[in-house]
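The values are calculated or read from the model by the stated rules, or taken from the named source; none is laboratory data. Since we're looking at a predicted model, the values are computed, not measured. Cβ placement follows ideal geometry from the backbone for every residue including glycine, while neighbour counts extend to all protein chains displayed. Side chains are part of the model used for accessible areas, which takes the heavy atoms of the whole protein and leaves out ligands, DNA and RNA. Shrake-Rupley method; radii C 1.70, N 1.55, O 1.52, S 1.80 Å.
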Amino acid sequence: MSEQPRRPRKPGKPYRRPQKDPVRILAFEALRAVDERDAYANLVLPPLLRKAREKEGPEKFDTRDAALATELVYGTLRRQGTYDAIIADCVDRPLREVDPPVLDVLSLGVHQLLGTRIPSHAAVSASVELARVVLGDGRAKFVNAVLRKVARDDLDGWLQRVAPPYDEDPEDHLAVVHSHPRWVVSALWDSLGGGRAGIEDLLAADNERPEVTLVARPGRATREELLGEEAALPGRWSPYAVRLSEGGEPGAVDAVREGRAGVQDEGSQLVALALANAPLDGPDRRWLDGCAGPGGKAALLAALAAERGAFLLASEKQPHRAGLVARALDGNPGPYQVIAADGTRPAWRPGSFDRVLVDVPCTGLGALRRRPEARWRRRPEDLEGFAPLQRGLLRGALEAVRVGGVVAYATCSPHLAETRAVVADVLKQHPGTELLDARPLLPGVPDLGDGPDVQLWPHLHGTDAMFLALVRRTS
């Protein structure tokens, strides 16, 4: 067979194989998982980082690469609403008609241009190269054209162009500038009680990277031990809290690996401490955590109960989450038990407990710093889905506590429909109850409002926006 003549190469630049950038490919894969599988970045990133380190080796994928990949993912998710508005101004079609993978590459590029110190030319070229690898040459040209438009101005200039004036539409202005859905802006503003400065500070705090906070579980570890770790600082409010400054790795701390300490936001610690220290009438022998998964508050409560010789029952409806609770409590020095049970259909007799905690399922609007993708997934109608469960769990807690005992109702959402509305509705049906002033049980913590409940805030307290109401059973 005669050899076929080769086609003459077309004049122009020779073909160049796209260069694979493991950091940006990892960031792209994480964003696709968040979009396609409704995954959470904090669960997707660790295995992707481990895989990259194993594949590339520690010399080619070091801690700086891991930090950049993490910043690209979280920064892009936090500012998604702002970046969508900017990209929409630079394309000639509705944003919904841009393929999601293309939009992810564009968003990563916009974050590098407007949200990092990466030089503009490097941000554009790296993003175009990523597009060539994951999308192909044709769509890479589209990415190049859009990002060059974005690069013509800085973030402030773009916000002046794409955000409506505050005086004309304050909620939409704040939604675009601070990258929150409009309904979330409205709900948070209502919870704060009005005022522009407060809502702007809160929304800005939601877009900051939160510190990693550890808890030294009493009787098992001390704060002094944790403060001996590199990059460790004392917590602001909890006597058991230690903050890890940037670069601190919880997995490198012996006490964390051994389960004697854990990763726990300081707001969650304060909720557990307030219940443990609330004044009781009568004995103090049996405690209940009625929504214990994944186990952070239960582990702290169990350690505090052990110091007093009290027993903790940790109940969680979902069996796999009950397994996480059991792991968190493993090694606790005092008596405890973990069960899989529904707090709205109690597996215990009424009036069995002296102290009861129900940290109820909610929209999670108080933890948007840690789960930035949640702001784009939640809808106002989700509140209606949670409402019956939240009320049912609080009713179950009030039935579980004895007369003279105390219930703590907690939720990681400041939305009034999930906080004060739930408590008010349930207490109307339970006249033999009284609200306790929770503020004295958070000593040293400022800006706790008029009480008797407590609402913590990221911009005021550096914690998640935890809500706490304490209720005593009087008859």
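Okay, here's what the table says:
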item: Any hit, the stretch 293-313, residues being within 25 Å of residue 457 (Cα to Cα), among the acidic types (Asp, Glu) and touching a residue at least 12 places away in the same chain (Cβ under 8 Å); result: no
item: First in the stretch 199-213 and open to solvent by 40 Å² or more (accessible area, probe 1.4 Å), second anywhere and in a strand (DSSP E or B) and of a type outside the set (Val, Ile, Thr), Cβ under 8 Å, 6 or more apart; result: 211/243; 211/244; 212/243; 212/244
item: Top-ranked residue of the stretch 210-227 - restricted to ones that are touching an Asp or Glu at 6+ places or on another chain (Cβ under 8 Å) and small (Gly, Ala, Ser), ranked as farthest from residue 268 (Cα to Cα); result: 219
item: Count of the stretch 427-448 residues which are open to solvent by 50 Å² or more (accessible area, probe 1.4 Å) and within 24 Å of the chain's Cα centre (by Cα); result: 2
item: Total residues in the stretch 346-359, condition surrounded by fewer than 24 Cβ atoms within 10 Å (Cβ to Cβ) and either in contact (Cβ under 8 Å) with a residue 40 or more places away in the chain or within 23 Å of the chain's Cα centre (by Cα) (or both); result: 6
item: So residue 351, is it at positive phi, out of contact with any strand residue (DSSP E or B) (no Cβ under 9 Å at 6 or more places or on another chain), not acidic (Asp, Glu) and not in a helix (DSSP H, G or I); result: no
item: Top-ranked residue in the stretch 25-45 [being open to solvent by 30 Å² or more (accessible area, probe 1.4 Å) and in a helix (DSSP H, G or I); ranked as nearest to residue 211 (Cα to Cα)]; result: 42
item: Hits in the stretch 284-339 (condition: surrounded by fewer than 22 Cβ atoms within 10 Å (Cβ to Cβ) and β-branched (Val, Ile, Thr)); result: 339
item: Odd one out for residue 370 among (1) open to solvent by 50 Å² or more (accessible area, probe 1.4 Å); (2) within 27 Å of residue 179 (Cβ to Cβ); (3) without any contact (Cβ under 8 Å) to a residue 40 or more places away in the chain; result: (3)
item: Verdict on residue 407 being in contact with a strand residue (DSSP E or B) (Cβ under 8 Å, 6 or more places away or on another chain), modelled with pLDDT of 95 or more, under 22 Å from residue 269 (Cβ atoms) and part of a strand (DSSP E or B); result: yes
item: Residue pairs meeting the criteria (Cβ under 6 Å; at least 6 apart or on separate chains; first modelled with pLDDT of 95 or more, in the stretch 146-174; second polar (S, T, N, Q)); result: 147/127; 151/120; 171/186
item: Meets criteria (under 21 Å from the mean Cα position of the chain (by Cα), among the hydrophobic types (A, V, I, L, M, F, W, C) and farther than 30 Å from residue 451 by Cβ) for residue 324; result: yes
item: The stretch 67-94 residues that are closer than 24 Å to residue 160 by Cβ, paired with ones that are at pLDDT 95 or above and of a type in the set (Ser, Thr, Tyr) (beta carbon under 6 Å, 6 or more apart); result: 76/107; 79/179; 81/179; 82/179; 83/107
item: Residues that are open to solvent by 10 Å² or more (accessible area, probe 1.4 Å) and of a type in the set (A, V, I, L, M), drawn from the stretch 406-422; result: 416, 417, 421
item: Tally, over the stretch 260-270, of residues that are open to solvent by 20 Å² or more (accessible area, probe 1.4 Å) and assigned to a loop (DSSP other than H, G, I, E, B); result: 1
item: Conditions (1) without any contact (Cβ under 8 Å) to a residue 40 or more places away in the chain; (2) within 24 Å of residue 110 (Cα to Cα); number of the one not met by residue 229; result: (2)
item: Checklist (1) open to solvent by 20 Å² or more (accessible area, probe 1.4 Å); (2) under 23 Å from residue 210 (Cβ atoms); (3) not β-branched (Val, Ile, Thr); (4) not in a helix (DSSP H, G or I) applied to residue 342, failing item; result: (2)
item: Complete set of residues in the stretch 176-214 that are more than 17 Å from the chain's Cα centre (by Cα) and not in a helix (DSSP H, G or I); result: 193, 194, 195
item: Members of the stretch 277-306 found to be in a helix (DSSP H, G or I) and under 21 Å from residue 326 (Cβ atoms), listed by number; result: 296, 297, 298, 299, 300, 301, 302, 303, 304, 305, 306
item: Breaking point among (1) more than 24 Å from residue 209 (Cβ to Cβ); (2) open to solvent by less than 10 Å² (accessible area, probe 1.4 Å); (3) touching a residue at least 60 places away in the same chain (Cβ under 8 Å), for residue 403; result: (2)
item: Failed criterion for residue 255 (all others in (1) outside any loop (DSSP other than H, G, I, E, B); (2) more than 28 Å from residue 439 (Cβ to Cβ); (3) open to solvent by 60 Å² or more (accessible area, probe 1.4 Å) hold); result: (3)
item: Test: residue 243 is under 21 Å from residue 312 (Cα atoms) and open to solvent by 10 Å² or more (accessible area, probe 1.4 Å); result: no
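A quick yes/no check of all residues on (1) surrounded by 18 or more Cβ atoms within 10 Å (Cβ to Cβ); (2) over 26 Å from residue 194 (Cα atoms):
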{"residue": "383", "(1), (2)": "yes, no"}
{"residue": "393", "(1), (2)": "yes, yes"}
{"residue": "425", "(1), (2)": "no, no"}
{"residue": "461", "(1), (2)": "yes, no"}
{"residue": "470", "(1), (2)": "yes, no"}
